[in-house]
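Notes for the one structure printed next.
The values are calculated or read from the model by the stated rules, or taken from the named source; none is laboratory data. Just so you know, these numbers come straight off a predicted model, no measurement behind them. What goes into the accessible areas is simple: the full protein's heavy atoms, side chains included, and nothing from ligands, DNA or RNA. Shrake-Rupley method; radii C 1.70, N 1.55, O 1.52, S 1.80 Å.
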Amino acid sequence: MDLHHLETVIAIVEEGTLSAAARRRHLSQPAVSMQVRALEEELGTPLFERGGRAVSPTQAGLALVRHSRDALTAVEAARSEVSELRGLARGALRLGA
């Protein structure tokens, strides 16, 4: 599972169409479709019900979105903490005299 794919799934749910999600993610619509297809194959279940232009998440899709948001929040927190440590905005300083 790729973080970019998870971000795309969230965008699809929030935007309601693959085309709008593609614009938001700065991707082509076929690239978004391929990401969804890859996730559906990996998970072994459909994530969206397709009807015309609009798509709606299945129960599996909603579960994935919920956990994806949690995962992306955790990744951002990790990046932030590492950045703080690298920039000496946080951490331990030991001086000897």
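Listing for the model above:
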{"item": "Using θ = phi - 60° and Karplus 6.51 cos²θ - 1.76 cosθ + 1.60, couplings along the stretch 16-25 (whole Hz; Gly, Pro as x)", "result": "x, 9, 5, 5, 5, 5, 4, 4, 4, 8"}
{"item": "Table column - 3J(HN,Hα) (Hz), the stretch 56-66, Karplus curve with 6.51, -1.76, 1.60, x for Gly and Pro", "result": "10, x, 7, 4, 5, x, 5, 5, 5, 4, 4"}
{"item": "Over the chain, relative contact order from alpha-carbon pairs under 8 Å, at least 6 apart, %", "result": "25"}
{"item": "Residue-normalised accessible area of the chain, given per residue in Å² at a 1.4 Å probe", "result": "68"}
{"item": "Rounded percent of accessible protein surface that carbon and sulfur make up, the chain, 1.4 Å probe", "result": "54"}
